[in-house]
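Report on the following structure.
The values are calculated or read from the model by the stated rules, or taken from the named source; none is laboratory data. If you're wondering where the values come from, they're calculated on a predicted model, not measured in any experiment. Cβ coordinates were reconstructed from backbone atoms using ideal geometry, including for glycine residues, and neighbour counts include every protein chain displayed. Protein only, heavy atoms only, side chains kept; ligands, DNA and RNA dropped before computing areas. Shrake-Rupley method; radii C 1.70, N 1.55, O 1.52, S 1.80 Å.
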Amino acid sequence: MEVEKENVTAEPSLPASDGQDTISDNASLPHSIQPIIPPVIAPSVVPPLAPIPTIPPPRPLAPLPVRPPVIRPPVPQNGEVRSSDSDSDNDDSNARINQGTGEYEISEESRLVRERQEKAMQELMMKRRAAALAVPTNDMAVRARLRHLGEPITLFGEREMERRDRLRMIMAKLDAEGQLEKLMKAHEDEEAAASAPKDEAEEALQYPFYTEGSKALLDARIYIAKYSLARAALRIQRAQRRRDDPDEDMDAEIDWALRQAGNLSLEFSEIGDDRPLSGCSFSRDGKWLATCSLTGASKLWNMPKIKKHSTLKGHTERATDVAFSPVHDHLATASADRTAKYWNDQGSLLKTFEGHLDRLARIAFHPSGKYLGTASFDKTWRLWDIETGEELLLQEGHSRSVYGLAFHRDGSLAASCGLDSLARVWDLRTGRSILALEGHVKPVLGISFSPNGYHLATGGEDNTCRIWDLRKKKSFYTIPAHSNLISQVKFEPQEGYFFVTASYDMTAKVWSGRDFKPVKTLSGHEAKVTSVDVLGDGGHIVTVSHDRTIKLWSSNTTNEQAMDVD
């Protein structure tokens, strides 16, 4: 309806020409009749649409380049290797390639195949030439020819046959390169050297494989040799006499000594210092006892009441060991300040031995009393002249720190042990290591020679004590001695009928030197036992500990005199 009204109202807006014609037509009609004029509906006007742009036709793609055909070489079958020397095949293939594309192109795979074939052919020809060459079979001749050819005479890990094969390949290579003159000249030099007479002076010239020692060391070796030969002769004569004498009863003597050791009891206990004690030693006559501690000071005590006599102060760091001289009442101390000091019985300093590069461990006197041995954490042990203070010997041989040191009763041998789980026996007359005792699985801390001359005892961190027979060069008895590491081992110094082990399990134990059975356990310390020593007659044993106490064990003590031990 709204559209019709709009059309009706829009009627007067028709053009003028149309309206005039209509009025003239109506005027001619009578007024009583009025015709019905139907409404004129104007057509709806639709706005024209925007023209659709024309899409240009797609651009033609560039033509793909024509790839030239690749001629692959035929694959060898049944292990056959085709030679690259056949000119006819190459000519035919080249012709085909040139006719097809006008260019010659070889793929990377084809080039690699050809290179492998050529290399295989070269190796085959080289092996054929090498097989035809005459190569010496003697290893010395092989080395000589390599030297004449300017090649290394040996390589690391190279065996004799490998060295001969290397010479063969070198000669084949020279032959292939046309250097026959060099090869023939080397062969002529070998023949000339073999036929020429050897110079006697050249044969006599031998270079030493050792470091030449000083004149003082040579004099010391000569003195030690003379001293040890006399002592060894006396020891053997005494052993033969005791064996042949019908009145001598060795078993009875050993039984008596073991009974005395079994009766050991605590006689005295004394506080030795303000800090833990690290070493102890009896004098040769048993009248003095020396101890050292972590304070760096050493003390002299009167025996047998353990009354302090004097204090030896001189070290700047903790003391590690103390030892009395076997010929007089002088003593030596070792310290972590890398020095050892030599004192008289009045507490006066006589000598200072300097030279070690790390802290010292144990020390020991040579039986002659003229030399002092020191073990150190610098992996060496050294021999010093007591009178001059000169370092005679710097002995290497251990791969880790050297801890313990002992001298044979005759004076001919020294034994060292260390943190490399190894014990070594050294001949002082020649300077050679004559035995390497392997058996401990952890560091070896204690070592001691038996007075019988052929037994050696070692103890270490594996809690075991091993007995070594120097005649058989092996360990023949292992004692599971303690429940903690063994800090020191000492034989009874007169006959070696028993020995004592000190341990960090707070005990020291006495063992038979005949069958290595336990004889006595010395219990009383409240901390780990660091050192032990045995008096000459075996009647007294002293132990020191980290509990700062000195304990004297005696076999002459009656039950009333013995101290109570918790």
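With respect to the conditions (1) touching a His at 6+ places or on another chain (Cβ under 6 Å); (2) at pLDDT below 95, PHE407 lacks only one, and its number is (2).
Remark: pairs (first residue in region 453-466, at pLDDT 95 or above; second residue in a strand (DSSP E or B) and among the charged types (D, E, K, R); Cβ separation under 6 Å; 6+ apart in sequence or on different chains) = THR458/ARG466.
For region 420-433, name all the residues that are in contact (Cβ under 8 Å) with a residue 12 or more places away in the chain and either under 15 Å from ALA361 (Cβ atoms) or assigned to a strand (DSSP E or B) (or both). Once the filter is applied, which keeps residues that are in contact (Cβ under 8 Å) with a residue 12 or more places away in the chain and either under 15 Å from ALA361 (Cβ atoms) or assigned to a strand (DSSP E or B) (or both), region 420-433 yields ASP420, LEU422, ALA423, ARG424, VAL425, TRP426, ASP427, SER433. Evaluating ASN556 against the criteria (1) touching a Gly at 6+ places or on another chain (Cβ under 7 Å); (2) crowded, with 19+ Cβ neighbours inside 10 Å; (3) assigned to a loop (DSSP other than H, G, I, E, B) leaves one unmet condition, (2).
Of the conditions (1) open to solvent by less than 10 Å² (accessible area, probe 1.4 Å); (2) assigned to a loop (DSSP other than H, G, I, E, B); (3) closer than 16 Å to GLY496 by Cβ, ARG471 satisfies every one except a single condition; which number is it? Just one mismatch for ARG471, condition (1). Given the criteria without any contact (Cβ under 8 Å) to a residue 60 or more places away in the chain and open to solvent by less than 30 Å² (accessible area, probe 1.4 Å), does ARG382 qualify? The answer is yes for ARG382. In region 280-293 there is at least one residue that is within 43 Å of the chain's Cα centre (by Cα), of a type in the set (A, V, I, L, M), within 25 Å of ALA336 (Cβ to Cβ) and open to solvent by less than 10 Å² (accessible area, probe 1.4 Å). Identify all residues within region 507-526 that are closer than 24 Å to MET303 by Cα and touching a strand residue (DSSP E or B) at 6+ places or on another chain (Cβ under 7 Å); write none if there are none. If the condition is that a residue be closer than 24 Å to MET303 by Cα and touching a strand residue (DSSP E or B) at 6+ places or on another chain (Cβ under 7 Å), then THR507, ALA508, LYS509, VAL510, LYS520, THR521, LEU522, SER523, GLY524, HIS525 are the ones that fit.
Of all the numbered requirements in (1) within 29 Å of the chain's Cα centre (by Cα); (2) open to solvent by less than 10 Å² (accessible area, probe 1.4 Å), GLY397 misses one, and that requirement is (2).
Of all residues assigned to region 149-162, none qualifies as being buried (at least 17 other Cβ atoms within 10 Å of the Cβ) and assigned to a helix (DSSP H, G or I). Scanning region 167-202 for residues that are assigned to a helix (DSSP H, G or I), open to solvent by 70 Å² or more (accessible area, probe 1.4 Å), of a type in the set (D, E, K, R) and modelled with pLDDT of 75 or more turns up just one, LYS173. Number of residues in region 477-497 that are in contact with a helix residue (DSSP H, G or I) (Cβ under 9 Å, 6 or more places away or on another chain) and within 21 Å of ALA423 (Cα to Cα): the value is 1. Restricting region 326-360 to residues that are more than 23 Å from ARG284 (Cα to Cα) and among the small types (Gly, Ala, Ser), the residue that is surrounded by the most Cβ atoms within 10 Å (Cβ to Cβ) is ALA336. The residue that is nearest to the chain's Cα centre (by Cα), among those in region 351-368 that are in a loop (DSSP other than H, G, I, E, B) and in contact (Cβ under 8 Å) with a residue 40 or more places away in the chain, is ASP358.
Specify the residue that is nearest to ARG362 (Cα to Cα); the eligible residues are those in region 531-551 that are of a type in the set (Gly, Ala, Ser) and open to solvent by less than 10 Å² (accessible area, probe 1.4 Å).
Result: SER531.
Of all residues in region 482-505, none are closer than 28 Å to ALA233 by Cβ and free of Cβ contacts under 8 Å to residues at least 12 places away in the same chain.
Looking only at region 136-148, decide whether some residue is open to solvent by 60 Å² or more (accessible area, probe 1.4 Å), in a helix (DSSP H, G or I), modelled with pLDDT of 85 or more and aliphatic (A, V, I, L, M). Yes, because at least one residue in region 136-148 is open to solvent by 60 Å² or more (accessible area, probe 1.4 Å), in a helix (DSSP H, G or I), modelled with pLDDT of 85 or more and aliphatic (A, V, I, L, M). I'd like to know if region 453-460 contains one or more residues that are aromatic (Phe, Trp, Tyr) and open to solvent by less than 50 Å² (accessible area, probe 1.4 Å). Among the residues of region 453-460, not one is aromatic (Phe, Trp, Tyr) and open to solvent by less than 50 Å² (accessible area, probe 1.4 Å), which makes the answer no.
Does ALA239 satisfy being under 47 Å from the mean Cα position of the chain (by Cα), closer than 13 Å to LEU428 by Cβ and open to solvent by less than 70 Å² (accessible area, probe 1.4 Å)? No: the conditions fail for ALA239. Selection over region 504-522 of residues that are of a type in the set (S, T, N, Q) and either surrounded by fewer than 20 Cβ atoms within 10 Å (Cβ to Cβ) or assigned to a loop (DSSP other than H, G, I, E, B) (or both) gives a count of 2.
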